Structures are given as C-alpha cells and as structure tokens.
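All remarks here apply to the structure that follows.
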Amino acid sequence: MSKSNNECHDCGKRFNFFSPAQKCSNYEQCGNTICKKCLESHPLVLQSTSQHDSQNEDTRKEPLKVQCFCTSCFHEKSVLDFAKTFDVIEPTKQDGGNADANADGTSVQPSGIVFIFGHGGGGSRAMFRPHAQVLAQKFGHKCILLDFPGHGTAVKVPLDLNSCSDALTNVLQENNILPKDQGGKTIYIGASFGAYVGFHILQQHKEYFSGAILLDCGQNVGPGASLKARLGLWFLRQMGNLLSNKGLMEAMMGVTKKSHADYHLVESTYGAGMFFDQATAQVRCLEQVEPASLIAKIPFPMLFMNGMEDYRDSEEKWLSLCVDRDHSELKDYEHGDHFFTHDSRFVQDMLSRWDVFSRTVVVQ
C-alpha cells in the first residue's frame with residue numbers, strides 16, 4: 001500500500017496541484033498511488049496469451065497498449081527477472097540431458113561455444129532473448145545476456161565506459177568463462193550501443209574472445225564524427241532528457257511501425273521496459289568511443305552487420321582496420337534499417353551466419 005494518501009509510493013514526495021496522485025495500472029491489486037514522473041518511468045506492454053503462445057512472429061498485428069506501473073508492480077510484470085543482471089540460456093534439457101529436443105524430434109549437441117550479448121541503448125538483456133533461444137535450441141550454443149549499467153535491472157548503476165567493462169568482467173567471472181588460450185570459445189555480440197561500447201570493452205578483455213559480431217554500428221559517432229552524427233546524438237540526448245520512458249516507448253513504437261521490425265517485439269523490447277534514465281551518460285559513452293583506434297587493438301575476427309537503409313559512413317573503414325582481416329566480414333541487408341535484427345525477413349539468415357562465423361573463428 002502507499003506510504004500515505006498524500007505521498008508518492010515510489011519517491012515519497014507529497015502530491016500537490018502540479019503533481020497530483022496517479023494510479024498504478026495494477027492499482028486494484030497493489031493500491032499504490034504515485035507521482036506522474038515515477039509512473040511514466042515504468043512503462044510496459046504486457047504480453048498477451050496469444051502473443052506468448054503463437055508461433056507468428058508479427059506482433060504488430062495486435063494493437064499494443066502501454067501501461068505504467070509503480071516500481072514493485074513493474075518488477076513483477078516485466079519480462080526481466082529483477083533478482084539478476086544477466087540471463088543464461090543453455091542448450092540442455094531441463095531434466096539434465098545433454099541435448100535439446102527440437103520440434104521435429106531431432107536434438108542438438110552443445111557446441112562448447114558461448115555467446116555474450118550486449119543490448120542497444122535504452123533497452124535491456126531481453127533484446128536478444130528470442131535469438132539466443134534459437135542459437136541454443138537449433139545450434140547448440142550457450143548464450144549469456146547481460147544488462148549494461150543504467151539499463152534493465154542495473155538501471156540504478158551509474159553508466160560509463162568503465163562500469164560497462166565491469167559488467168562484462170562480472171559476467172565472465174560469474175560464469176567461469178575461460179580465456180581463449182585456456183580453451184575458451186567465446187563470441188561477443190553487440191548491437192548499436194552494445195556494439196560501440198563493445199569496441200571499448202573488447203579491447204580490455206580481448207584474451208577471452210575468439211570473435212565479435214557487431215551490429216548497427218556502421219556510422220562513426222565518436223571523435224571525428226560527421227555533423228549528421230553529432231546532430232543525431234544531440235537529438236538523442238534531448239529526447240532522453242525531455243521525454244519520460246513512457247514517451248520514449250511510444251515514440252519507438254511509432255518508429256518501428258514504419259519499419260519492417262516484427263520479431264518478438266513485446267518479448268524483447270516493450271515487455272521489458274524502456275531505460276533512458278541515464279540518457280546523457282549513454283550519449284557520452286557513444287561520443288567517447290573511437291573505433292578507428294580501438295579496432296587495431298582487437299586481435300580476433302569481427303563480423304559487422306548493418307541494414308542498408310541505416311547510416312553507414314564508416315563500415316568499410318571498420319572492416320579494413322581489422323587485425324584479422326582474412327576472417328573478418330561485412331554483411332549489409334538490403335531494405336534493412338536500424339531494426340534489421342528484429343526483422344523476420346533477415347533473422348534466420350542472420351542467425352545462420354552467426355553460427356558459421358563462430359564455428360570458423362573458434363578454431364583459428
């Protein structure tokens with residue numbers, strides 16, 4: 001229940017004419033009233049039964065309704081488990097077997113390869129959960145999905161490049177990931193914010209990785225960025241500071257409606273929440289990363305993937321700078337945009353390429 005009828009249940013501030021009491025969307029069960037700022041910090045689209053059970057990946061066919069919650073109800077209803085900062089998806093049966101049965105009755109043996117996923121800005125570790133489930137069930141790869149500081153269940157952790165590196169260190173240690181020279185077979189996958197930050201944290205942990213798959217990072221947004229890129233970051237900072245997480249979720253829904261993105265959007269994005277609480281810090285991280293200098297410090301192969309309709313002023317340069325140029329690749333998806341990773345036209349091909357790339361580089 002609320003602290004009192006006159007105080008926000010979440011922040012404790014007293015309600016007044018300018019900040020009246022708002023009801024949590026789960027008010028009938030929790031009875032909590034909160035201020036508008038706290039309420040709009042916790043938006044969710046709840047996954048319907050039909051979306052959860054259906055094999056149809058196009059969640060756009062059902063209208064999506066944004067609801068806002070108090071902190072406790074948000075933690076309860078989000079697809080994220082707020083008791084953890086990373087998820088592990090194993091290619092094993094729950095009964096302890098060593099192979100996962102597919103729908104056609106076949107099974108896949110664990111590959112020994114581990115994928116570590118870094119999500120996009122404002123998102124969470126749920127972003128690639130549907131992809132990770134396929135990698136585990138179809139290809140036998142273990143997948144670890146982490147929340148960066150300032151995001152997901154680590155939303156209260158101050159965000160900077162060092163804290164992102166610390167988050168990766170924690171995942172490596174907690175999961176007993178071995179360095180490559182001790183038999184480790186680990187691949188990093190990062191998208192957008194997770195790709196740009198990936199350049200930084202990979203060169204700090206390079207001994208652990210056999211390769212990296214970096215998505216949606218074809219534009220230079222760091223030192224030497226174009227005017228268009230700098231304006232884009234300015235706009236992102238303004239949006240993050242002026243709009244609530246609810247407003248940003250609704251804005252993102254508007255953008256994705258114009259896109260072909262349709263792959264488990266509720267499960268991977270809207271059902272987890274939006275996390276732009278540290279928007280200025282997100283932009284600062286992007287501005288500080290200089291891929292051109294960092295790539296030369298990363299010895300393993302890289303697979304770059306972008307949508308051809310996204311901004312891509314530096315993708316060829318990133319590829320040319322790879323230390324292991326012979327095993328590094330660039331794949332652009334025609335008609336793909338910044339959300340191509342969640343466009344079902346490309347997902348299966350993309351996952352297959354991840355599998356082939358990983359199996360190739362771990363034996364180098």
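The values are calculated or read from the model by the stated rules, or taken from the named source; none is laboratory data. These numbers were taken from a predicted model, which means no experiment stands behind them. Glycine also receives a Cβ, built like all others from the backbone with ideal geometry; neighbour counts cover every protein chain displayed. Accessible surface areas use protein heavy atoms only, side chains included; no ligands, DNA or RNA. Shrake-Rupley method; radii C 1.70, N 1.55, O 1.52, S 1.80 Å.
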Other-chain or far-sequence residues with amide H under 5 Å of F117's (modelled H):
I144, L145, L146, I189
Using only Cα atoms, tell me the angle between helix 129-139 and the longest principal axis of the chain; keep it within 0 to 90° and round to the nearest 10.
30 degrees
For the chain, what does -39500 (n - 2.57) per DSSP helix run (n ≥ 4), summed and divided by total residues, give at 222 nm, in deg cm²/dmol to the nearest 500?
-9500 deg cm²/dmol
Rank-order 166-173, 150-157 by packing density, defined as the average count of other C-beta atoms within 10 Å over each peptide's residues, highest first.
150-157, 166-173
On the principal axes of its Cα set, how long, how wide and how thick is the chain? Give whole Å, largest value first.
65, 53, 39
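Past the 23 Å Cα-Cα mark, which pairs from K37/K77; K142/K257; K65/K142? Present the calculation step by step, with values, prior to reporting the outcome.
Numbers: K37/K77 19 Å; K142/K257 32 Å; K65/K142 33 Å.
Cα-Cα > 23 Å for K142/K257; K65/K142; rest within.
Quick check: from the Cα gyration tensor, does the stretch 191-271 come out rounded (a/c under 1.5), prolate or oblate?
Numbers: a/c = 2.12, a/b = 1.33, b/c = 1.59.
Oblate shape, in that a/c is at least 1.5 and b/c is the bigger or equal ratio.
Based on Cα coordinates alone, diagonalise the gyration tensor for the stretch 128-206, multiply each eigenvalue by 5, take square roots, and list the semi-axes in whole Å, largest first. Kindly include the intermediate steps, with their values, before the conclusion.
Details: eigenvalues 87, 55, 27 Å².
Semi-axes, largest first: 21, 17, 12 Å.
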Qualifying aspartates and glutamates (Cα of each under 19 Å from Cα of K23; at least 8 residues distant if same chain):
E7, D10, E40, E76
Keeping the other protein chains in place, figure out the carbon and sulfur percent of the accessible area of the stretch 183-286, with a 1.4 Å probe.
58 percent
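Expressed as a rounded percentage, what relative contact order does the chain have, with Cα pairs under 8 Å and six or more residues apart? Numbers along the way, then the final one.
Numbers: 734 pairs, mean separation 62.2, N = 364.
Relative CO of the chain lands at 17 percent.
Please give me, ordered by residue number, the chymotrypsin sites (Phe, Trp or Tyr not before Pro) of the stretch 1-48 that lie in loop per DSSP and have at most 16 other Cβ atoms within 10 Å. Write down the numbers at each step before the final one.
On the way: sites: F15, F17, F18, Y27; in loops: F15, F17, F18.
Answer in residue order: F17, F18.
Is the shape of the stretch 251-364 rounded, prolate or oblate, going by the alpha carbon gyration tensor and its root eigenvalues a ≥ b ≥ c, with a/c under 1.5 for rounded and a/b larger than b/c for prolate?
Details: a/c = 1.92, a/b = 1.33, b/c = 1.45.
Oblate, because a/c is 1.5 or more while a/b does not exceed b/c.
Which whole-number value in Å² is the accessible area per residue of the chain, probe 1.4 Å?
On the way: 16530 Å² over 364 residues.
Ligands and nucleic acids excluded, the result is 45 Å² per residue.
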Hey, which aspartates and glutamates would be in cross-link range of K317, C-alpha to C-alpha under 16 Å, not counting anything within fewer than 8 residues on its own chain?
D216, E290, D326, E329, D332
Distance between the stretch 263-324 and the stretch 177-221 - C-alpha centres, whole angstrom:
10 Å
On a 1.4 Å probe surface of the protein chains, which of S124, S72 comes out largest in accessible area, and what is the full order?
S72, S124
